[in-house]
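One structure is given here, and the rest of the page talks about it.
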Amino acid sequence: MTSTAPAGAPQPTAADLWAAPVTARPLDATVEVPGSKSLTNRLLVLAALADGPGTLRGALRSRDADLMIGALRTLGVGVEEGEAPSTLHVTPGPLTGDVDIDCGLAGTVMRFLPPVAALADGPVRFDGDPQARVRPMGPVLRALHALGVVVSAPGSPDLPSTLPFTVAGRGGLRGGAVDVDASASSQFVSGLLLAAARFEQGLTLRHVGTTLPSLPHIQMTVATLRDAGVRVDDSRDGIWVVTPGPISARDVRVEPDLSNAAPFLAAALVAGGRVSVPGWPAATTQPGALVPGLLEQMGASTSLSPDGVLTVTGDGTVRGVDVDLKAAGELAPTIAALAALADSPSRLRGIAHLRGHETDRLAALAAEITRLGGQAEETRDGLVITPRPLHGGVFHTYADHRMATSGALLGLRVPGVMVEDVETTAKTLPGFAGLWQAML
Ligand SMILES: O=C(O)C1=C[C@@H](OP(=O)(O)O)[C@@H](O)[C@H](O)C1
Ligand SMILES: C=C(OP(=O)(O)O)C(=O)O
């Protein structure tokens, strides 16, 4: 397949460009990454639906997390900062309708909150960034419709399949059995499951699509529900049964974001030397758990100390890989950047659904690696990347935080890489450029 960059990105001005730093010497750094986006936004939703006030500690504060906080407040939930901005006290209350929710570009907000909105006492209007208006929403909205919820789009008689849309909250939902095709996003399943204990009859949810991406994220949803005392039966592949009942209010600590740790750890492979990330959980449902194994396949050594410090060591040589990233599509931009710097070709498979992420990530990665002189081609479900000598140039990011971190990784070795709008990393990692510089 040929690649064209996704449309919609205006030409950057010089002020939008960040000169990615090149390293002259091996790294020797420890990088503390903030809380997981996926855990923070799940735990916020569960705290909002819980049977009493609860607390999150080590929560992420980023655009996506703050959009979730803002949306929950709009719905009548109390969310107060504690002694640190990463401590959040959540006080559930009756969910109020006749409100507007800004989803920004956050998949977790646009997919997790429509089922919650069905519990509100009036219409909840959802919209987001221009790029959010092309992200797939149809399956979750069709599932809500099948459960008896009225979902509408402004000025159209049809059931919407993208933002903007309105969910007519009626103060509650019967629940029952419903099918969903989650082949475009696991978040359709997670969103329905997170609210399901509050449906009168709970929920029996069956995935009916050909493929199911991001299974660790669904397992994360199930684990966070169970930790909050909700009964979930996931003993049959592609079927989840949530028993109705209270969601327990809790005081929880959020793990660091292992997917955001990935580009920092990968830097040890590109520059040589070592990078350590403290707080690495001994066991986790985050797909970032696959990072050490992937980096080892690409030539790194890794170790996890008993006190949870993950260390990646490299010698500046990157090996090509053939990997299925279906379980961890979030890691694909990092692996693609490594592949462009490798000593042999790579194939990334199982990630067709990345076309519906912040941008069409397959097109964006192929276009930007090619622009720097590399060879990267889209396949039906991924990318084939053949290393070539790279040169500097503008690395467009398409409002995608993980495109920006990929550009930084390439720039570590290739002089003159100018990353467009590096601040787009604030979606999940505010201060990325400073953390990156401090690592060098
Ligand atoms: O549930 C979650 O927190 C997420 C699920 C995944 O979505 P997809 O299944 O759409 O890839 C992942 O890519 C996204 O960054 C976060
Ligand atoms: C796909 C991602 O985000 P979202 O939660 O917006 O889907 C991502 O962070 O890589």
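Counting each pair of different Cα atoms once, what's the Kirkwood radius of segment 1-123 in Å, rounded to one decimal?
17.1 Å
Just to confirm a number: summing +1 for Lys and Arg and -1 for Asp and Glu over residues other than A132 whose beta-carbon lies under 10 angstrom from that of A132, what do you get?
-2
Once the Cα gyration tensor of segment 370-409 is diagonalised, what are the square roots of 5 times its eigenvalues, in whole Å and ordered largest first, as equivalent ellipsoid semi-axes?
They are 17, 15, 8 Å, listed largest first.
Which number do you get for Rg(Cα) / (2.2 N^0.38 Å) in segment 188-234?
Computed over Cα atoms of segment 188-234, the ratio equals 1.12.
At a 1.4 Å probe radius, carbon and sulfur cover how many percent of the accessible area of segment 37-253?
C and S fraction of accessible area: 48 percent.
So with the 1.4 Å probe, I'd like the accessible area per residue for the chain, rounded to whole Å².
Solvent-accessible surface per residue comes out at 36 Å².
Given Cα pairs under 8 Å that are at least 6 residues apart, what percent is the relative contact order of segment 183-235?
44 percent
Among V189, V241, V167, determine the one that fluctuates most according to a GNM of the chain built with springs between C-alpha atoms less than 10 Å apart.
Looking only at V189, V241, V167, the biggest GNM fluctuation is shown by V241.
In deg cm²/dmol, rounded to 500, what helix-only [θ] at 222 nm does the chain give when every DSSP H run of at least 4 residues adds -39500 (n - 2.57) and the total is split over its residues?
Dividing the helical sum by the residues of the chain leaves -9000 deg cm²/dmol.
Alpha carbons only, please: Rg and Dmax for segment 88-207, in angstrom.
Taking only Cα atoms of segment 88-207, I get Rg and Dmax of 13.2, 40 Å.
What is the calculated FRET efficiency for L159 to A24, with r their C-beta to C-beta distance and R₀ = 60 Å, to the nearest 0.05?
Efficiency at R0 = 60 Å is approximately 0.60.
Excluding H396 itself, calculate the net charge of residues whose Cβ lies under 11 Å from the Cβ of H396, where each Lys or Arg counts +1 and each Asp or Glu counts -1.
Every neighbour counted, the sum reads -4.
Can you give the convex hull volume of the alpha carbon atoms of segment 311-402 per residue, in Å³?
It is 100 Å³ per residue.
Can you give the Kirkwood hydrodynamic radius for segment 186-314, in Å, rounded to one decimal and based on Cα pairs?
16.5 Å
How high is the relative contact order of segment 37-253, in percent, counting Cα pairs under 8 Å that sit 6 or more residues apart?
20 percent
With charges set only on the Cβ (+1 for Lys and Arg, -1 for Asp and Glu), what does the dipole of the chain come to about its Cα centre, in debye to the nearest 20?
I would put it at about 520 debye.
Which one, A117, S183, T74, projects farthest toward the positive side of the charge dipole computed for segment 37-253 from Cβ point charges (K/R +1, D/E -1)?
Most positive-ward Cα: S183.
If you average the alpha carbon positions of segment 339-387 and of segment 145-163, how far apart do those two centres end up, in angstrom?
Segment 339-387 and segment 145-163 have Cα centres spaced 34 Å from each other.
Principal axis extents for the chain, Cα atoms only, whole Å, descending order, please.
Answer, in whole Å and largest first: 60, 49, 44 Å.
Per q in 0.11, 0.14, 0.16, 0.17 1/Å, what log10 I(q)/I(0) does a Debye calculation on the alpha-carbon atoms of segment 37-253 return?
Log10 I(q)/I(0), no solvent term: -0.45, -0.76, -1.03, -1.19.
Evaluate the relative contact order of the chain (contact order divided by residue number), counting alpha-carbon pairs under 8 angstrom at least 6 apart; express in whole percent.
Value for the chain: 19 percent.
Roughly what angle does helix 107-117 make with the longest principal axis of the chain, taking Cα atoms, 0 to 90 degrees, to the nearest 10?
Between helix and principal axis, roughly 0 degrees.
H207: net charge of surrounding residues, Cβ under 10 Å, Lys/Arg +1, Asp/Glu -1, itself excluded?
Value of the local net charge: -2.
The values are calculated or read from the model by the stated rules, or taken from the named source; none is laboratory data. Note that the structure is predicted; figures quoted are calculated from it, not measured. Using ideal geometry, Cβ is built from the backbone for each residue, glycine included, and neighbour counts are taken over all protein chains shown. Surface accessibility is based on the protein's heavy atoms, side chains included, excluding ligands, DNA and RNA. Shrake-Rupley method; radii C 1.70, N 1.55, O 1.52, S 1.80 Å.
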